[in-house]
Amino acid sequence: MYNHMKTMDIENVGGSLMAKCPKCGTKVSKPRKTWKMAGRPDKSGKRMQLEIGLFDCPKCKKTFREVLSKKKI
């Protein structure tokens, strides 16, 4: 299982979210696609609703995902 969530980075710049490319570090402002999904339940059984963004790095052309928001459901 891939544990790439620790390397991902979101930065709030002037009200817009900026994702950081894990390969080259370039900041990408606009996701190509976004979607919502239910995450794994925590110890108490509550699930998190995650909003995921798919980003394309303009410099190295790598495609990467980033968690944009989390909310308990």
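On inspection, I73 fails the criterion of being of a type in the set (V, I, T), surrounded by 12 or more Cβ atoms within 10 Å (Cβ to Cβ) and either in contact with a Gly (Cβ under 8 Å, 6 or more places away or on another chain) or modelled with pLDDT under 95 (or both). Taken together, the residues in region 16-62 that are free of Cβ contacts under 8 Å to residues at least 12 places away in the same chain and within 25 Å of I73 (Cβ to Cβ) amount to 6. Residues that are in a loop (DSSP other than H, G, I, E, B), over 13 Å from L68 (Cα atoms) and small (G, A, S) within region 16-38 comprise just one, G25.
Inclusion of G53 among residues that are at pLDDT 85 or above, out of contact with any helix residue (DSSP H, G or I) (no Cβ under 8 Å at 6 or more places or on another chain) and not in a loop (DSSP other than H, G, I, E, B) is warranted.
The values are calculated or read from the model by the stated rules, or taken from the named source; none is laboratory data. Only a predicted model underlies this, so the values are computations on that prediction, with no experimental measurement involved. We place every Cβ from the backbone using ideal geometry, glycine too, and count neighbours over all the protein chains shown.
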